[in-house]
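A.B. asks: One structure, as structure tokens, below. Some questions next.
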Amino acid sequence: MFGSLSDFSLGELFQVLEQGEKTGRLTIYSGRRGESQKDRISQTPPRNYYIWFRRGFIVAAANSLDNQGLSKLIDQRSWIEGGTSVLAPGFCNVNLPLGICFKSHGLITAEQLKLLFSVQVLRQVCQLFTLLHGRYHFDEKAPLAYPEMTGLSAPATDVTLAGLRNLKDWSALEDKLPEPDSAILSLVEGKPHLKLNQSELRVWEFADGTVALKDVAARLDLSLEKVRKIAFRLSVVNLAEEFPLLISASDMMNLSLDDEFVDDENNLFFMEEQAVKAEAPVRKSNSQEFIAPPPMSDDFLQELMRSLNNS
């Protein structure tokens, strides 16, 4: 499986691998196919990123295939006296995650393993979401990289949420954020199956496709930028989708009945006329002219204005 991130987003890719319970190695190449050497010099040098999956769960990530990434993270923190290089060859079983091996020998703790997994995986995922261009390739035949594995794993969608929460620079994603005048619409029944934080849950409560994001921000007393980012995260993990609104709730309240409707009384009959035409032909008078619809009563118009003012 291979393609371009411009055609298939990273979030969508993670969903496919998780739902398909895939095992293998996902390679992301940050360069753009066909770019010139001059373009490469003027931009950040292209590099590869590697993420290993086991039955749809992410088990490790690295930016090279030298199998030294996890060992370097441990050495940077000086958790093993003398460093991992002093350990004898064959100290760990080649088919056992390195983290589990070190923990079983009392060299690192369970809490340290959790920290390693968080740093190792989230660091890679955050970088991937900032890529303007990239290609991907998933190899189901690639073996698992046990020297890069802590022994921990996480669903791809959970990693996606955590990675986007920790993303500092959103400039590469600015064009992908939902519009302030659009709403979000839930794609799942009942409560979300993912663990959302408090702000995400508050925005989720408006995922009914009726309230513009700018109005959600005002009601929750959150910045519009934060609400748009939350809506984007919910969309990436397939909990909701952007739903364009023709007019927002706040704009509807500012409409003038006199300006928008009464000046053109024919608008009040438009939908009714269309329904009548669809059901049966309009009868004609002897003079072959269409019979005009009955005029709307003053009482009805007053009641309409009163109900709108009270809404």
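The values are calculated or read from the model by the stated rules, or taken from the named source; none is laboratory data. Only a predicted model underlies this, so the values are computations on that prediction, with no experimental measurement involved. FYI the Cβ positions are ideal-geometry reconstructions off the backbone, even for glycines, and counts take in every protein chain you see.
A.B. asks: Here are the criteria: (1) touching a Phe, Trp or Tyr at 6+ places or on another chain (Cβ under 9 Å); (2) over 22 Å from residue 58 (Cβ atoms); (3) of a type in the set (S, T, N, Q). Tell me which single one residue 112 does not satisfy.
C.D. replies: Against the list (1) touching a Phe, Trp or Tyr at 6+ places or on another chain (Cβ under 9 Å); (2) over 22 Å from residue 58 (Cβ atoms); (3) of a type in the set (S, T, N, Q), residue 112 comes up short only on (2).
A.B. asks: Can you find, within the stretch 106-127, the residue that is nearest to residue 74 (Cα to Cα) among those that are among the charged types (D, E, K, R) and either touching a residue at least 24 places away in the same chain (Cβ under 8 Å) or touching a helix residue (DSSP H, G or I) at 6+ places or on another chain (Cβ under 9 Å) (or both)?
C.D. replies: Keep residues of the stretch 106-127 that are among the charged types (D, E, K, R), which gives 111, 114, 123.
So of that shortlist, the ones also either touching a residue at least 24 places away in the same chain (Cβ under 8 Å) or touching a helix residue (DSSP H, G or I) at 6+ places or on another chain (Cβ under 9 Å) (or both) come out as 114, 123.
On the way: 114: 12, 123: 15 Å.
Step by step, filter the stretch 106-127, then rank; the result is 114.
A.B. asks: Now for a separate question. Please pick out the residue among 189, 148, 140 that is surrounded by fewer than 20 Cβ atoms within 10 Å (Cβ to Cβ), of a type outside the set (S, T, N, Q) and outside the structural domain of residue 208 (by TED's automatic domain parsing).
C.D. replies: Details: 189 fails: outside the structural domain of residue 208 (by TED's automatic domain parsing); 148 fails: surrounded by fewer than 20 Cβ atoms within 10 Å (Cβ to Cβ).
On inspection, the qualifying residue turns out to be 140.
A.B. asks: Could I ask something else about it? If you scan the stretch 221-268, which residues turn out to be at pLDDT 90 or above, farther than 18 Å from residue 185 by Cβ and aliphatic (A, V, I, L, M)?
C.D. replies: 222, 224
A.B. asks: Of the residues that sit in the stretch 59-102 and are buried (at least 17 other Cβ atoms within 10 Å of the Cβ) and hydroxyl-bearing (Ser, Thr, Tyr), which one is farthest from the chain's Cα centre (by Cα)?
C.D. replies: Across the stretch 59-102, the extreme among qualifying residues is 84.
A.B. asks: A further question follows. Return only the number of the condition from (1) in a helix (DSSP H, G or I); (2) modelled with pLDDT of 95 or more; (3) over 15 Å from residue 69 (Cβ atoms) that residue 158 does not satisfy.
C.D. replies: (2)
A.B. asks: Give me a count of the residues in the stretch 118-140 that are within 30 Å of residue 91 (Cα to Cα) and modelled with pLDDT under 95. Don't jump to the end; show me each part of the working.
C.D. replies: Initially, the stretch 118-140 is screened for residues within 30 Å of residue 91 (Cα to Cα), giving 118-124, 139-140.
With modelled with pLDDT under 95 added as a condition, the list becomes 118-124.
Within the stretch 118-140, residues that are within 30 Å of residue 91 (Cα to Cα) and modelled with pLDDT under 95 number 7.
A.B. asks: Further, regarding this structure: For the stretch 157-190, which positions are closer than 29 Å to residue 74 by Cβ and over 12 Å from the mean Cα position of the chain (by Cα)? Before you say what the answer is, go through the steps one by one.
C.D. replies: Pass one, the stretch 157-190, residues closer than 29 Å to residue 74 by Cβ: 157-169.
Listed by number, the residues that qualify are 166, 167, 168, 169.
A.B. asks: For the stretch 210-232, check the following and say yes or no: at least one residue is within 27 Å of residue 19 (Cβ to Cβ) and of a type in the set (Ser, Thr, Tyr).
C.D. replies: Filtering the stretch 210-232 down to residues within 27 Å of residue 19 (Cβ to Cβ) leaves 228-232.
The next check asks that each one be of a type in the set (Ser, Thr, Tyr); those that pass are none.
Scanning the stretch 210-232 turns up no residue that is within 27 Å of residue 19 (Cβ to Cβ) and of a type in the set (Ser, Thr, Tyr).
A.B. asks: Checking residue 105 against (1) modelled with pLDDT of 95 or more; (2) surrounded by fewer than 16 Cβ atoms within 10 Å (Cβ to Cβ): exactly one of these is not met. Which one?
C.D. replies: Every condition holds for residue 105 apart from (1).
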